[in-house]
1. Taking the condition over 27 Å from V30 (Cβ atoms), away from the ligand (no atom under 16 Å from the Cβ), charged (D, E, K, R) and assigned to a loop (DSSP other than H, G, I, E, B), does E179 pass?
2. Can you go through E222, E208 and tell me which one is open to solvent by 30 Å² or more (accessible area, probe 1.4 Å) and either modelled with pLDDT of 95 or more or over 24 Å from D140 (Cβ atoms) (or both)?
3. So L152 fits all but one of (1) in a loop (DSSP other than H, G, I, E, B); (2) in contact with a Phe, Trp or Tyr (Cβ under 7 Å, 6 or more places away or on another chain); (3) surrounded by 21 or more Cβ atoms within 10 Å (Cβ to Cβ); what number is the exception?
4. Can you go through R144, R164 and tell me which one is on the phi > 0 side of the Ramachandran plot and free of Cβ contacts under 8 Å to residues at least 24 places away in the same chain?
5. Just the residues that are open to solvent by 80 Å² or more (accessible area, probe 1.4 Å) and closer than 24 Å to V239 by Cβ, please, taken from the stretch 363-375.
6. Counting only residues that are away from the ligand (no atom under 16 Å from the Cβ) and of a type outside the set (V, I, T), give me the strands (runs of 3 or more DSSP E) lying completely in the stretch 1-115 with at least 1 of them.
7. Scan the stretch 324-345 and tell me whether some residue there is in contact (Cβ under 8 Å) with a residue 40 or more places away in the chain, closer than 30 Å to R258 by Cβ and part of a helix (DSSP H, G or I).
8. Would you point out the residue of the stretch 116-148, among those that are within 20 Å of the chain's Cα centre (by Cα) and of a type in the set (A, V, I, L, M), that is farthest from the ligand (Cβ to nearest atom)?
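The values are calculated or read from the model by the stated rules, or taken from the named source; none is laboratory data. Since this is a predicted model, take the numbers as computed values, not measurements. Note: ideal-geometry Cβ built from the backbone for every residue, glycine included; neighbour counts use all protein chains shown. Please note that ligands, DNA and RNA were not included when accessible areas were found on the heavy atoms of the full protein model with its side chains. Shrake-Rupley method; radii C 1.70, N 1.55, O 1.52, S 1.80 Å.
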Amino acid sequence: MPATVIVGTQWGDEGKGKVVDLLAADADVVVRFHGGNNAGHTLVVNGEKTVLNLVPAGVLHPGRICVLGPGVVIDPEVLVGEIEGLRARGYLAEDRWFRISAQAHLIMPYHRAIDRARERLRGAGSIGTTGRGIGPAYEDKMARSGIRVGDLFDEVGFRAALERNVREKNAYLQALLGEAPLAFDAILERYTTYRERLRGFVADTGAELRAALAAGRRVLLEGAQGMMLDVDHGTYPFVTSSTCVSGAAAAGAGLPPRALGAVVGIAKAYTTRVGGGPFPTELTDALGERLRADGDEYGATTGRPRRCGWFDAVVVRQAVELSGVDRIALTKLDVLTGIDPLRICTGYELGGRRIDGPPTTERAWEQVTPRYEEVPGWREPLGGARALDELPLNARRYVERLESLSGAPIRLVSVGAQRDQTIRRGEIL
Ligand code: IMP
């Protein structure tokens, strides 16, 4: 059976974590294929909250194999902390349940320093990155000067690569960014400790994954961020530094494209984004604040308040087309209770004219205005509904309207953070 891909259809934070956790109950392997600890999943299982930044969201199901594929960038300090935190709570009991690609690139302290210094220098025009060194790590990967997980185990090679990199980055940090240099010895010492703590997990994960699929195992490929943060297809330059659409899943996991099957797109019932950049349906008024408060819209990684706004069907429809989404999981419908009327963005206008899809330049993104459709809201709390016909009529109509505007069937509706606060509408895996 081909692997199922799960991607975000907005600007990230769509609630992928909850959906991956649910679907992992019926899967054997869960793989991250891009991004790093810029991502953050908040999972609530039996009333207990777990925040994950790197380990895939299948980890709360003992026995699932969780994988970080070659397309991921890994900050070993964060990863070691996350593994130890999970183990202290009884998860990841066996080493073989967690696999790390030897080909994944390492995030180094100079990547974080460069990320943060550049953001400071950009001032008002900053991207609003997570400051985790993601962009600089991917830059080094593409410049072919990066250091990979597998290199940690070649002591001589690692030392040489680190020396070269620290020399170059320190020159850059000091001369162009006005920062203090980093100490080579301290980095070497620290990364030497990660070597032993990660050794048991490192593997050729692509080969293992291909073998798992050949043996009939069910594989989930868990996307991070969302389509609008994709480096090619998003609101460039206000994007992350990896490819977030489903097309990246094969390469980032080490699989051929024909190994991919269904594509699940996760969409929140309204829209949020964190960081700078265009957001046509943003609500900067009390309603936006209400969505933030009711939806607990604060970054799982950085704690930053998320910007909130109406559901934008232009964005989700584009994600459906670009990622070949053939089923949608709609999250956080319950948060809209009490907002009446609701608005849905059905299209954009640019220079007084209706445009079909999202614009493709930074300037046009700044200038588009949304066209809205107004629909009636509902007052009842939704957290107890377990079937679509248990929802108030207007909530049901809202779901149906989003479905017809998005272009793919909504197969799952989430009405709360708990696993069981979920409405299934047909097959999702
Ligand atoms: P970076 O990925 O840290 O370089 O940040 C680039 C942009 O992507 C910023 O606007 C971040 O807020 C945003 N971003 C990165 N990861 C996530 C995520 O997992 N959820 C939401 N936004 C994210």
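1. Considered against the rule, which asks whether it is over 27 Å from V30 (Cβ atoms), away from the ligand (no atom under 16 Å from the Cβ), charged (D, E, K, R) and assigned to a loop (DSSP other than H, G, I, E, B), E179 comes out as yes.
2. That would be E208, the only listed residue that is open to solvent by 30 Å² or more (accessible area, probe 1.4 Å) and either modelled with pLDDT of 95 or more or over 24 Å from D140 (Cβ atoms) (or both).
3. All conditions pass for L152, except number (1).
4. R144
5. Hits for the stretch 363-375 are R363, E366, Q367.
6. 3-8, 48-52, 65-68, 98-101
7. No, the stretch 324-345 contains no residue that is in contact (Cβ under 8 Å) with a residue 40 or more places away in the chain, closer than 30 Å to R258 by Cβ and part of a helix (DSSP H, G or I).
8. It comes out as A137.
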